[in-house]
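Values in this text are rule-based calculations from the coordinates and carry no lab data. Worth saying up front: this structure is predicted, and the values here are computed from it rather than measured. As a convention, Cβ positions derive from the backbone with ideal geometry for all residues, glycine included, and neighbour counts pool all protein chains shown.
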Amino acid sequence: MNKILFSLSIVATMIPSAIFSQQANTLKEAYKDDFFIGAALDLSQIYEADKQAADIVKNQFSSIVAENCMKSMFLQPKEGQFFFDDADKFVALGEKYNMFTIGHTLIWHSQLPDWFFVDKNGKDVSVEVLKQRMKSHISTVVTRYKGRVKGWDVVNEAIMENGSYRKSKFYEILGEEFIPLAFKYAQEADPDAELYYNDYNEWHPGKIETVVKMVKNLKSRGIRIDGVGMQAHIDMTSPTLAEYENAIVKYTAAGVKVNITELDLSVLPSPWGTSANISDKVEYNEKMNPYKTGLPKDAEEKWENRYADFFRLFLKHKSKVRRVTLWGVTDAQSWKNDFPVKGRTDYPLFFDRNCNTKPIVEKMIQLAK
Ligand code: G3I
């Protein structure tokens with residue numbers, strides 16, 4: 001017996017430590033018993049154009065979502081003319097690395113092609129025409145990736161912080177019913193796919209109330225909804241952990257899982273608190289861009305600690321959390337460099353501008369252990 005242990009320890013010392021640590025020390029390994037850990041991919045990552053970024057995606061993440069290429073303006077730029085090259089590549093990548101692949105997003109008022117709501121005279125389409133366009137878009141896209149895309153953000157950002165419905169054209173023409181319709185069409189196209197409602201600032205009490213009501217309404221009508229995607233575009237002060245936790249608990253009490261989606265922690269000063277409404281812009285000024293040449297150690301430590309607080313919360317509620325997805329891989333890619341103030345230098349993600357692994361990765365791995 002001792003002889004065997006002795007031989008094993010000799011073999012262990014012969015394994016190069018780099019190989020050992022690569023196997024044992026990745027985010028997806030560390031969190032494999034807790035929840036999927038994902039990232040949003042841009043086109044260069046989808047096409048694996050940059051080897052370093054491709055290796056990060058392959059080694060660190062167990063789930064992927066497309067940052068832009070599955071939005072309706074890209075998938076159906078003209079009525080009936082679909083463009084699937086990028087989305088096909090994205091879904092194939094997920095299969096190649098055995099990832100939990102997420103489709104984002106079927107029905108969203110933004111990044112939507114101009115033709116969607118108007119007839120050939122430029123007038124709003126009728127109720128029947130809009131229903132038919134939604135059904136055709138959803139059925140075509142979901143059917144194409146049936147069984148391969150495991151979960152869909154069916155409807156994105158339809159409810160405001162005060163709990164009212166966003167006055168989008170979907171709402172103006174179809175009323176609240178556009179949400180159940182979208183879920184019904186998606187369910188018909190792939191009965192096995194998980195279906196989600198995804199939104200930002202979902203810790204606001206008014207929003208919680210309306211989203212919970214909507215989830216219950218779908219369920220009571222036998223329409224499938226599996227999860228609420230809680231976008232997590234957070235900053236150093238907002239939201240509080242208590243606010244975020246309260247929302248996780250409320251959504252799961254309504255009978256769905258929670259996806260922590262679009263996670264990025266901005267270290268920059270915020271003009272107003274968190275938001276992801278891309279039309280909310282603020283003018284550039286130097287005071288709002290304090291870390292142009294690098295992030296000072298003390299600021300990075302505070303940033304790491306806040307990330308750790310959130311990951312502790314996700315672990316505490318791991319039975320409720322299906323997936324945690326970062327909104328991007330590297331800081332260079334992050335939309336936060338241009339939002340809400342254009343042209344800033346932000347550091348919200350786990351890999352730096354040169355694809356180097358930040359210390360946060362090791363810290364989050366240790367946390368899971
Ligand atoms: O497609 C054009 C391209 O032709 C042009 O050359 C290029 C030049 O800037 O712009 C390209 O469009 C950009 C598009 O992303 C695709 O790359 C837009 O300028 C840019 O504004 C757009 O931003 C995306 C944004 O959604 C649009 O609303 C961000 O990358 C993306 O991270 C962001 O993601 C959203 C989620 O889908 C939903 N929740 C909020 C989140 C942040 O807004």
> residue 48 versus residue 332, label points 7 Å from Cα toward the beta carbon: distance in nm?
Replying inline: 1.9
>> Per residue, how big is the convex hull of segment 213-369 when only Cα atoms are used? Give it in Å³.
In response: 125
> Given Cα pairs under 8 Å that are at least 6 residues apart, what percent is the relative contact order of the chain?
Replying inline: 16
> Relative to the longest principal axis of the chain, what angle (0 to 90°, nearest 10) does the C-alpha long axis of helix 178-189 take?
Replying inline: 70
> Once the Cα atoms of helix 127-144 and of the chain are each reduced to a long axis, what angle between those two axes, in degrees from 0 to 90 to the nearest 10, is obtained?
Replying inline: 30
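Mind sorting 303, 272 by how few other Cβ atoms lie within 10 Å of their own Cβ, fewest first? Before the final figure, lay out the partial values.
On the way: 303 19, 272 9.
With the sparsest Cβ surroundings first, the list reads 272, 303.
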>> For segment 127-226, take every pair of Cα atoms, bin their distances at 5 Å starting from 0, and report each bin as a whole percent.
In response: 2, 14, 23, 24, 20, 12, 4, 0
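Provide 314, 36 in ascending order of the number of other Cβ atoms located within 10 Å of each residue's Cβ, fewest first. Can you show the working numbers first?
Details: 314 25, 36 22.
Going from sparsest to densest Cβ surroundings: 36, 314.
Which whole-number percent gives the relative contact order of segment 117-233, counting Cα pairs below 8 Å spaced six or more residues apart? All intermediate terms of the calculation are to be shown ahead of the outcome.
On the way: 160 pairs, mean separation 35.0, N = 117.
Relative contact order comes out at 30 percent.
Any idea what diffusion coefficient segment 146-303 gets from Stokes-Einstein, in µm²/s, Kirkwood Rh on alpha carbon pairs, 20 °C, 1.002 mPa s? Before the final figure, lay out the partial values.
Values: Rh = 17.2 Å.
Using the Kirkwood radius from Cα pairs, D works out to 125 µm²/s.
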>> Using Cβ counts within 10 Å as a stand-in for footprinting exposure, how do 143, 357, 345 rank, fewest first?
In response: 143, 357, 345
> If the viscosity is 0.890 mPa s and the temperature 25 °C, what translational diffusion coefficient in µm²/s does Stokes-Einstein give for segment 23-114 when Rh comes from Kirkwood over Cα pairs?
Replying inline: 176
> Residues with amide H under 5 Å of residue 41's amide H, sequence separation 5 or more or different chain, H placed in the peptide plane at 1.01 Å from N; which?
Replying inline: 65, 66, 67
>> Explain nothing, just the number: relative contact order of segment 29-89, from Cα pairs under 8 Å at least 6 residues apart, as a whole percent.
In response: 34
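Give me the compactness ratio for segment 183-271, meaning the Cα radius of gyration over 2.2 N^0.38 Å. Before the final figure, lay out each step's value.
Numbers: Rg = 14.3 Å, N = 89, 2.2 N^0.38 = 12.1 Å.
Expressed relative to 2.2 N^0.38 Å, the Cα Rg reads 1.18.
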> Between residue 293 and residue 119, what is the spin-label point distance in nm, taking each point 7 Å from the Cα along the Cα→C-beta axis?
Replying inline: 6.2
> Taking the Cα atoms only, what angle lies between the long axis of helix 205-220 and the longest principal axis of the chain, rounded to 10 degrees?
Replying inline: 70
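What is the ratio of the Cα radius of gyration of segment 27-175 to 2.2 N^0.38 Å, with N the residue count, to two decimals?
Working: Rg = 17.2 Å, N = 149, 2.2 N^0.38 = 14.7 Å.
This ratio for segment 27-175 stands at 1.17.
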>> Can you compute log10 of I(q)/I(0) for the chain with the Debye formula, treating each Cα as one identical point scatterer, at q = 0.10, 0.14 Å⁻¹?
In response: -0.64, -1.24
> Using the beta-carbon distance between residue 242 and residue 126 and R0 = 56 Å, what value does 1/(1 + (r/R0)^6) give for FRET efficiency, to the nearest 0.05?
Replying inline: 0.75
>> Under 19 Å from a point placed 7 Å out from the Cα of residue 89 along the Cα-to-Cβ direction: which residues of segment 126-167 have their backbone N that close?
In response: 145, 149
